[in-house]
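This report concerns only the one structure given below.
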Amino acid sequence: MVLRTALHVVALLVLPPLLLGVINRVKSIFGGRRGPPLLQPYLDLAKLLRKGAVYSRTTTWVFRAGPVIGLAATASAGLLLSMGGAPAPIAFAGDFVLFAYLLGLGRFFTALAALDTGSSFEGMGAAREVTFASLAEPALFLCLLVLARATGSLSLSGMLGPDLDAAWSSAAPGLLLAAIGLFVVALAECSRIPVDDPNTHLELTMIHEVMVLDHGGPDLALILYGAAMKLFLFGALLSRLVLGHGAGALASEALFLLGVLAFAVAVGVVESVMARLRIVRVPQLLVGASVLSAFALVLLLR
Amino acid sequence: MARTTTASAGQGPAPRASDVLETWNGEPVDARAVPVHEPARFKEIVLAAHRGGGRLAALFGREDGEGGVLVTAVLADDPEGRLALLATRAADAFPSIAAELPAAQAFERELAEQWGLRPEGHPWLKPLRFEPPRREAPDPFGRADPRATLPGEYPFFRVEGEEVHEVAVGPVHAGIIEPGHFRFQCHGERVFHLEIVLGYQHRGVERLLRGGPDRRSMALAESIAGDTAVGHGLAYAKAIESLSGMAPTARAMSLRGIGLELERVANHVGDLGALAGDVGFLPTASYCGALRAEYLNAVAEICGNRFGRSLVCPGGVKHDLDAEAARALAARVRAAWEKTRRAASLMFESPSVRARFEGTGTVPTALAQELGMVGPAARASGVDRDVRRDHAFGIYRFSHVAVTTAENGDVLARALMRLLESERSVEFVLDQLERLPGGPSRAAPGPLAPGALVVSMVEGWRGEIAHVAVTDAQGRLGAYKVKDPSFHNWFGLAMALRDGQISDFPLCNKSFNLSYAGHDL
């Protein structure tokens, strides 16, 4: 058990950039290009970590604290998440609330750091980010409630534990709807297309990227690493929710990894075949995800 | 209707045929034969012509030799394919037309900036490109030293209010694009007003062309806007040929048409890819980006330069194609177009892209008319206007290109225009390559006629390019006026954003893809 827990911590720390590499590869293939190497995100992070940082004189400690708190919050959230069916390193009743708000804390400090620069772009980005986050939050909670109801547990480790596999046989439609809702939330939370475009250079259309325009060097590395980790967390959540677990620990772990990679491929496919939504349409998408999850909950409660 | 009545109330005698000098695209006239009117009468005639469907194609000043400025207007009658010239003399001020005819606003700001002429009653009197004045006169903008001002040094229009915020973008941008400054007055995500400041690219092209033609002139004309080298080069070459009384050979005309259309296709296809990229639609973005290079390479096969430089020269074309090369070129273009069609339909058939494009950055027909917009941007708004048909020149007098228009005036319409026009252009190029006329492709132009004026118009890929050349008594270029289509259309972009979303700006901007260099000269 200890070994599996240790493995999860290692996976949480090591795998996230790989997901970005997989997404980029899928997008490249759809675009008829060869694309950058799969491990390029690791090299990018290493490059950024070796650089120095430049800080504007108009910024305060909040600006420097933003990336650190952002990454720390995401990593802590990762410790609450059970992966591949094994219990998480930290588990207690109601830890899913902490999970959601650790992600919220990271976002809060990223937005605060953006506002700290006083730039009109970053203020605009922060306004967009928190607007959309406030709409994504109900959807996330509704999805987690569906899991809680289906498994009868209030801890993420229980919600994603062996009971979940049993729940699929009795409450499949509700769980499926929740999984779709969660996927939409994942796209919004991780600023992927159709909500945000991580590759754009157009300041006026960005949401997440524009908030971190003034960060450079190691700070930017922390932000990118944190964003990748967030993607990994949602991938882990969805992988466990959709694929269930195999017979035996080894099969479970393999299935889990496969699921996370499949999640990255799915994100890549969505990004390749869809255009970005107009920003005024994003709330409709998120409200749609909430409605879907609410419906899932109704199905379970009846 | 009410407006027409007020405008015509209290006006002088109706314009007569003798009030203007009629000419057409590329037809030189005696510069002294252009009728010179009193400023008030000049304004009346221009407005009356405008009400009769005429369009202001150019309005420019030049020295009248007596310390004053001769302001000449070029009015285009598109359905009839005629141009009308008239002039007025001004010393320090003239009555502005811009309030009644918004299409004149940029021209009048240019006159104020270049010649120190104050347009009385101009609703938006601000410097246009912050260039140094061409004559000693008090600054109409009230600046202490016009030579010392930098672009953007002026009072911006501001919206006041607790919740209103201002966003300034540029002149240094995140992408590799030209410099320009955009100032948005926003309420949340909604744009109340967009003010565009240009002038960072001013190089003094018109001044450099004066005193020509010399060995540099052709290269200068081609560098007015780097992506329209064939368009501006052709307008210049046409002006020189007209002034020297020669016509290019049929083969030269055909090769020029091929160059001009390939330039159009390359830019349109590149822009389709860029539009896809802006909304994050990857397949079309990467395919069209690569396919643009196919068309650029096709241009390079003719003249050795991917951007069509040194293709056109006064008297014809510098590079000829043998039959074998023409066949290879046709095959290359045909293959590239087949791929382009598929890449573009991928985008136009994707519901998420259409939803993103539709209704974004709308310019209604009436507004496009009022602003005097030209080119694909105007045609997307339902303004049926194309120099290749209306003021046919060169090969277009013999081979017609169908003009397509759309109605909505949104990003989708402008994107569709790009696709449909490219299709027509490819057909035209393949047709020309199949039956290239024989004979020489170049002849030497003679000396220029002294004291002559010619308006040379070309439909570049952005729209109507108009060059006006006036020769002095020695047959040198005494005045040279360049008008890039962007000159009209920049204001259209500003209006397209009104009441729109600030996040839609990059997409709108890309759908117009206007030239900074062409505007700033």
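Any residue in the stretch B:184-194 that is among the small types (Gly, Ala, Ser) and either within 14 Å of another protein chain (Cβ to nearest Cβ) or closer than 16 Å to B:ASN509 by Cβ (or both)?
yes
If B:GLU153 satisfies all but one of (1) assigned by TED's automatic domain parsing to the domain that holds B:LEU70; (2) under 30 Å from B:ILE502 (Cα atoms); (3) out of contact with any helix residue (DSSP H, G or I) (no Cβ under 8 Å at 6 or more places or on another chain), what's the number of the condition it fails?
Evaluating B:GLU153 over (1) assigned by TED's automatic domain parsing to the domain that holds B:LEU70; (2) under 30 Å from B:ILE502 (Cα atoms); (3) out of contact with any helix residue (DSSP H, G or I) (no Cβ under 8 Å at 6 or more places or on another chain) leaves (1) as the failure.
Among the numbered criteria (1) in a loop (DSSP other than H, G, I, E, B); (2) of a type in the set (A, V, I, L, M); (3) in contact with a strand residue (DSSP E or B) (Cβ under 6 Å, 6 or more places away or on another chain), which one does B:ALA247 miss?
The failed condition is (3).
Here are the criteria: (1) crowded, with 24+ Cβ neighbours inside 10 Å; (2) within 14 Å of another protein chain (Cβ to nearest Cβ). Tell me which single one A:LEU202 does not satisfy.
With (1) crowded, with 24+ Cβ neighbours inside 10 Å; (2) within 14 Å of another protein chain (Cβ to nearest Cβ) applied to A:LEU202, the lone miss is (1).
When the residues of the stretch B:125-140 are filtered to those that are in contact with a helix residue (DSSP H, G or I) (Cβ under 9 Å, 6 or more places away or on another chain) and surrounded by fewer than 16 Cβ atoms within 10 Å (Cβ to Cβ), which remaining residue is farthest from the other protein chains (Cβ to nearest Cβ)?
B:ARG135
When the stretch A:207-217 is examined, which residues are found to be part of a helix (DSSP H, G or I) and within 17 Å of A:VAL62 (Cβ to Cβ)?
A:MET211
Being surrounded by fewer than 24 Cβ atoms within 10 Å (Cβ to Cβ) and away from chain B (no Cβ under 14 Å) is the requirement here; does A:LEU164 meet it?
Yes, satisfied.
Does B:VAL197 satisfy the criteria of being among the β-branched types (Val, Ile, Thr), more than 14 Å from chain A (Cβ to nearest Cβ) and within 24 Å of A:VAL210 (Cβ to Cβ)?
Spelling it out, B:VAL197 is indeed among the β-branched types (Val, Ile, Thr), more than 14 Å from chain A (Cβ to nearest Cβ) and within 24 Å of A:VAL210 (Cβ to Cβ).
Being closer than 18 Å to A:LEU12 by Cα, away from chain B (no Cβ under 14 Å), crowded, with 23+ Cβ neighbours inside 10 Å and small (Gly, Ala, Ser), is that true of even one residue in the stretch A:110-122?
The answer is no; no qualifying residue exists.
Which condition number in (1) within 14 Å of chain B (Cβ to nearest Cβ); (2) over 18 Å from A:PRO41 (Cβ atoms); (3) not β-branched (Val, Ile, Thr) is the one that A:GLY268 fails?
The number of the failed condition is (2).
Select, from B:VAL458, B:VAL470, the only residue that is over 13 Å from B:LEU448 (Cβ atoms), assigned by TED's automatic domain parsing to the domain that holds B:ARG210 and in a strand (DSSP E or B).
Of B:VAL458, B:VAL470, the one residue that is over 13 Å from B:LEU448 (Cβ atoms), assigned by TED's automatic domain parsing to the domain that holds B:ARG210 and in a strand (DSSP E or B) is B:VAL458.
Would you mention how many residues in the stretch B:357-401 are closer than 30 Å to B:MET246 by Cβ and surrounded by fewer than 16 Cβ atoms within 10 Å (Cβ to Cβ)?
Qualifying residue count, the stretch B:357-401: 3.
Considering only residues that are touching a Ser or Thr at 6+ places or on another chain (Cβ under 7 Å) and either in a strand (DSSP E or B) or surrounded by fewer than 24 Cβ atoms within 10 Å (Cβ to Cβ) (or both), which ones fall in the stretch B:473-499?
B:LEU477, B:GLY478
Per-residue answers, yes or no, for (1) modelled with pLDDT of 85 or more; (2) closer than 17 Å to B:LEU282 by Cα; (3) buried (at least 16 other Cβ atoms within 10 Å of the Cβ):
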| residue | (1), (2), (3) |
| --- | --- |
| A:GLY244 | no, no, yes |
| A:ALA247 | no, no, no |
| A:LEU255 | yes, no, yes |
| A:ALA264 | yes, yes, yes |
| A:GLY268 | yes, yes, yes |
| A:GLU271 | yes, yes, yes |
| A:MET274 | yes, yes, yes |
| A:VAL280 | yes, no, no |
| A:LEU285 | yes, no, yes |
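Going through the stretch B:503-516 one residue at a time, which ones are in contact with a Lys or Arg (Cβ under 8 Å, 6 or more places away or on another chain) and hydrophobic (A, V, I, L, M, F, W, C)?
Those that are in contact with a Lys or Arg (Cβ under 8 Å, 6 or more places away or on another chain) and hydrophobic (A, V, I, L, M, F, W, C): B:LEU507, B:PHE512, B:LEU514.
Residue check, B:ALA473 against (1) in contact (Cβ under 8 Å) with a residue 40 or more places away in the chain; (2) more than 14 Å from every other protein chain (Cβ to nearest Cβ), all met but one. Which one?
(1)
Residue check: is B:ALA219 outside any helix (DSSP H, G or I), within 30 Å of B:PRO437 (Cα to Cα) and not basic (Lys, Arg)?
Here the answer is no, as B:ALA219 does not meet what is asked.
Looking at the stretch B:497-512, which of its residues are more than 14 Å from every other protein chain (Cβ to nearest Cβ) and either free of Cβ contacts under 8 Å to residues at least 12 places away in the same chain or closer than 16 Å to B:PRO376 by Cβ (or both)?
Scanning the stretch B:497-512 gives a single hit, B:PHE512.
Take the stretch B:306-340 and flag every residue that is of a type in the set (Ser, Thr, Tyr) and under 15 Å from B:LEU260 (Cα atoms).
Hit for the stretch B:306-340 is B:SER310, nothing else.
Taking helices (runs of 4 or more DSSP H) that do not extend beyond the stretch B:345-392, which have at least 3 residues that are within 14 Å of another protein chain (Cβ to nearest Cβ) and over 16 Å from the mean Cα position of the chain (by Cα)?
Qualifying helices (runs of 4 or more DSSP H): B:351-357.
Across the stretch B:309-343, which residue is farthest from B:ALA229 (Cα to Cα) among those that are within 14 Å of another protein chain (Cβ to nearest Cβ) and crowded, with 17+ Cβ neighbours inside 10 Å?
B:ALA343
Could you figure out which of (1) within 14 Å of another protein chain (Cβ to nearest Cβ); (2) crowded, with 23+ Cβ neighbours inside 10 Å; (3) at pLDDT 90 or above isn't true of B:ASP278?
Every condition holds for B:ASP278 apart from (3).
Looking at B:GLU162, B:GLU100, B:GLU153, which is the one that is assigned to a loop (DSSP other than H, G, I, E, B), over 26 Å from the mean Cα position of the chain (by Cα) and surrounded by fewer than 20 Cβ atoms within 10 Å (Cβ to Cβ)?
B:GLU162
In the list B:GLY175, B:GLY199, which residue meets the criterion of being touching a helix residue (DSSP H, G or I) at 6+ places or on another chain (Cβ under 8 Å) and farther than 20 Å from B:ARG306 by Cα?
B:GLY199
Take A:GLY248 and tell me if it is free of Cβ contacts under 8 Å to residues at least 40 places away in the same chain and at positive phi.
The answer is yes for A:GLY248.
Run B:ILE224 past the list (1) part of a helix (DSSP H, G or I); (2) surrounded by 19 or more Cβ atoms within 10 Å (Cβ to Cβ); (3) under 21 Å from the mean Cα position of the chain (by Cα) and report the number of the one that doesn't hold.
B:ILE224 satisfies every listed condition except (1).
Out of the residues in the stretch A:205-235 that are of a type in the set (Val, Ile, Thr) and within 14 Å of chain B (Cβ to nearest Cβ), state the one that is farthest from the chain's Cα centre (by Cα).
Per the stated criteria, the residue is A:THR205.
For B:GLY438, state whether it is on the phi > 0 side of the Ramachandran plot, touching a helix residue (DSSP H, G or I) at 6+ places or on another chain (Cβ under 8 Å) and not in a helix (DSSP H, G or I).
When the stated conditions are applied, B:GLY438 does not pass them.
The values are calculated or read from the model by the stated rules, or taken from the named source; none is laboratory data. Predicted model only: the values in this text are computed from it and were never measured. For neighbour counting, all protein chains shown are included, and Cβ atoms are generated from backbone atoms with ideal geometry for every residue, glycine included.
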